[in-house]
Amino acid sequence: PSCKVFFAKDPLKIVRAQGQYMFDEKGEKYLDCINNVAHVGHSHPYVIKAATKQMELLNTNSRFLHDNLVQYAQRLTATLPEKLSVCYFVNSGSEANDLALRLARQYHGHQDVITLENAYHGHVTSLIDISPYKFNQLGKDSKKEFVHVAPSPDIYRGKYREDHPDPASAYAEEVKKIIEETQKNGRKIAAFIAESMQSCGGQVIPPVGYFQKVAEYVRAVGGVFIADEVQVGFGRVGRHFWAFQLQGEDFVPDIVTMGKPIGNGHPMSCVVTTREIAESFGASGLEYFNTFGGNPVSCAIGLAVLEVIEKEDLQGNATRVGNYLLELLTEQKEKHPLVGDIRGVGLFVGVDLVKDQQKRTPATAEALHLIYKLKEHQILLSADGPHRNILKFKPPMCFTMEDAKHVVETIDALLTEMEEATGMKIENTASTNAQCKRKTTEGSSQPEGHMNGAACRQENGLYSKKRSVPSKRIRT
């Protein structure tokens, strides 16, 4: 009874998938806008070939030497800042985040963890403890004493919004206050953990400069910064390989966790950290071993995924298609009162549905209705966030402009039907938002980024090489 499936009222039985499409037992084809697990596309032939070839030769645990393990670790760490040089291979995002907590706690012997509102980091006990998205469902007394919850850096619904002059600093100060309070109570911070962009929390993109300031405060008291890239890594943001890099070149986490897209559906994940933290972990005397983590087949698959991302320019595709999708969705905001906010980077996009654009009242029932109507049109999309009113786009990276156009045209028609049925109207805001229009060609001179609030932000969650410590938005 605790198990849930997509579209519980009318669940789908999927029997095969290819690229960005899934097929049910009747042969009906569905466009997959959900699956960040099949990162380079369902059933990618190059990944399948690599897995089959290695499986025919050898699959064993990682207590034996094997070239695949070393080669993959080299290829993976080459995508990260230099100091992130030690890999621990495991089997799931939950395992990765659990190990990251162990590393952080061993480093200086501290125990407490700062997490974000609405955060989700995994389903094992240690991660339920630090995931408000989960433990809040258990009641008001469910938060453990060693867990401290900071406000989500959400500039649309959060404490500090798009009209604040420096939301990055304001949200970081909230973390600083938590640290000061814990110290007064004799507690010590082991780690601050955050998804580089919150997914289950509502497709939230932190303002630029936020992570830098938080890391400064946390490290000053002996804690480490854990960046959870399980859902948003491996080029999904387009311009960068890792979503934490949107904060700027001057920000480097102490620990990075990854999962889901790392193996294109194959169960593998990884924790990457500094040599200093790894040596501290080893000094405990408690050896770490994972039977399947880093096995030859998993590493062959991981290598194949990295090669496909590069050969098929999937980062470039995420930028081009993501910008086009954002433009199309922003046009819907001008047309439909149900659309409150559009935000995203690359192929990570959220649509915040509201009952009232001024009050930003979450349109939870409407979001659920829209998801089911899209399924009738053979489009698979999900809704999430604390109010379950955020449409989440995180499709396979082979998603095309034609796919984006098809989805948005269908959403447009369905929103029109819903608004006509309820009598909702909206004033023409085209003149206000005209300046936010962007070209969709690869040669566009407009910056990559996300729309948020009444005005288009030139810089919001994006790094500009023109400044070394970005902390404030530039409005256009």
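The values are calculated or read from the model by the stated rules, or taken from the named source; none is laboratory data. Since we're looking at a predicted model, the values are computed, not measured. FYI the Cβ positions are ideal-geometry reconstructions off the backbone, even for glycines, and counts take in every protein chain you see. Remember, those area values only see protein heavy atoms, side chains included, never the ligands or the DNA or RNA. Shrake-Rupley method; radii C 1.70, N 1.55, O 1.52, S 1.80 Å.
Quick notes on this one:
- Residues being outside any loop (DSSP other than H, G, I, E, B), among the aliphatic types (A, V, I, L, M), in contact (Cβ under 8 Å) with a residue 12 or more places away in the chain and out of contact with any Ser or Thr (no Cβ under 6 Å at 6 or more places or on another chain) - total across segment 58-93: 3
- Test: L326 is within 24 Å of N389 (Cα to Cα) and either surrounded by 21 or more Cβ atoms within 10 Å (Cβ to Cβ) or at pLDDT 95 or above (or both): yes
- Remark: pairs (first residue in segment 117-138, touching a residue at least 24 places away in the same chain (Cβ under 8 Å); second residue among the polar types (S, T, N, Q) and in a helix (DSSP H, G or I); Cβ separation under 7 Å; 6+ apart in sequence or on different chains) = H121/N97; G122/S94; G122/N97; H123/S94; V124/S94; L127/S94; L127/N97.
- Restricting V271, V252 to those that are part of a loop (DSSP other than H, G, I, E, B), under 18 Å from the mean Cα position of the chain (by Cα) and farther than 24 Å from G41 by Cβ reduces the list to V252.
- Odd one out for M418, checked against (1) more than 22 Å from Y156 (Cβ to Cβ); (2) not in a loop (DSSP other than H, G, I, E, B): (1)
- Residue in segment 271-292 that is crowded, with 24+ Cβ neighbours inside 10 Å, assigned by the TED database to the domain that holds K49 and either free of Cβ contacts under 8 Å to residues at least 40 places away in the same chain or among the small types (G, A, S) (or both) present: no
- Residues of segment 324-376 that turn out to be within 20 Å of E420 (Cα to Cα), acidic (D, E) and within 21 Å of the chain's Cα centre (by Cα), as a count: 1
- Residue match in segment 422-437 (condition: within 30 Å of Y120 (Cβ to Cβ), part of a loop (DSSP other than H, G, I, E, B) and modelled with pLDDT of 65 or more): no
- Contacts under 8 angstrom Cβ, first residue in segment 2-18 being without any contact (Cβ under 8 Å) to a residue 24 or more places away in the chain, partner in a loop (DSSP other than H, G, I, E, B) and open to solvent by 90 Å² or more (accessible area, probe 1.4 Å), 6 or more apart: P11/V5; K13/E25; V15/E25
- One residue stands out among those in segment 171-214 that are in contact (Cβ under 8 Å) with a residue 60 or more places away in the chain and of a type in the set (K, R): the one that is nearest to P386 (Cα to Cα), which is K213.
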